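Working notes, structure below.
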Amino acid sequence: QEQLVESGGGLAQAGGSLRLSCAASGRTLSSSVLGWFRQAPGKERESVAAISASGGVPYTADSVKGRFTISRDNAKNTVYLQMMSLKPEDTAVYYCNALGYYTATHYLPGHYWGQGTPVTVSS
């Protein structure tokens, strides 16, 4: 069964760090573009970062560039989002996504979503 399961969200102080993980099951998902979106209360969903299975330059949103790093371990079918220098405006529910498409400046989601993991950054 193809699914995405996130973990690692929680509470952090401003300036702190968290690491999110997303395990992809199923051959199709585990070999696809994997990435992260987030949605803050009252705001639209926004793209955060994405990475392909074959490597290459990942996509990182301008709002998190220099603070967040996406990586993946293909042997574990897992994508990670290392979040550093967290800010209160990073507070959101973070969703893992598969089968999307990205360029250097845009990331469009695919049809598979994880259940979401909340991240709260206190000032």
query: With the contact rule set at Cα under 8 Å and sequence spacing of 6 or more, what percent relative contact order holds for the chain?
result: 34
message: For the range 63-121, what does the relative contact order come out to in percent, with C-alpha contacts under 8 Å and a separation of six or more?
response: 29
- request: On the protein heavy atoms, probe 1.4 angstrom, tell me the percent of accessible surface of the range 46-90 carried by carbon and sulfur.
  value: 50
field: With all protein chains modelled, accessible area of Cys96 [1.4 Å, Å²]
entry: 0
message: Cross-link candidates for Lys65: which lysines have Cα within less than 16 Å, leaving aside residues fewer than 8 places away along the same chain?
response: Lys87
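If R₀ is 25 angstrom, what is the calculated FRET efficiency for the pair Lys43 and Ser17, using the beta carbon separation as r and rounding to 0.05?
Working: r = 23 Å, r/R0 = 0.90.
It comes to 0.65.
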- request: Using a 1.4 angstrom probe on the protein heavy atoms only, line up Lys76, Lys87 by accessible area, largest first.
  value: Lys76, Lys87
task: Considering only protein heavy atoms, with the full assembly of protein chains and a 1.4 angstrom probe, order Thr60, Thr105 by accessible area, largest first.
output: Thr105, Thr60
message: Is there a quick way to get the dipole size of the chain? I mean about its Cα centre, with the Cβ of Lys and Arg at +1 and of Asp and Glu at -1; what is the value in debye to the nearest 20?
response: 160
message: How long are the semi-axes of the equivalent ellipsoid of the chain, taking √(5λ) for every eigenvalue λ of the Cα gyration tensor, in whole Å from largest down?
response: 22, 15, 13
query: Measuring with a 1.4 Å probe in the full set of protein chains, what accessible area per residue, in whole Å², belongs to the chain?
result: 52
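Taking R0 as 35 Å, what's the FRET efficiency between Gln1 and Glu89 from their Cβ-Cβ distance, rounded to 0.05?
0.50
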- prompt: Do any GluC sites (Glu not before Pro) in the range 1-100 lie in a loop, going by DSSP, with at most 13 other beta-carbon atoms within 10 Å of their beta carbon, and if so which?
  reply: Glu44
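The values are calculated or read from the model by the stated rules, or taken from the named source; none is laboratory data. Since we're looking at a predicted model, the values are computed, not measured. Cβ coordinates were reconstructed from backbone atoms using ideal geometry, including for glycine residues, and neighbour counts include every protein chain displayed. Calculation scope for accessible area: heavy atoms of the full protein, side chains included, ligands and nucleic acids excluded. Shrake-Rupley method; radii C 1.70, N 1.55, O 1.52, S 1.80 Å.
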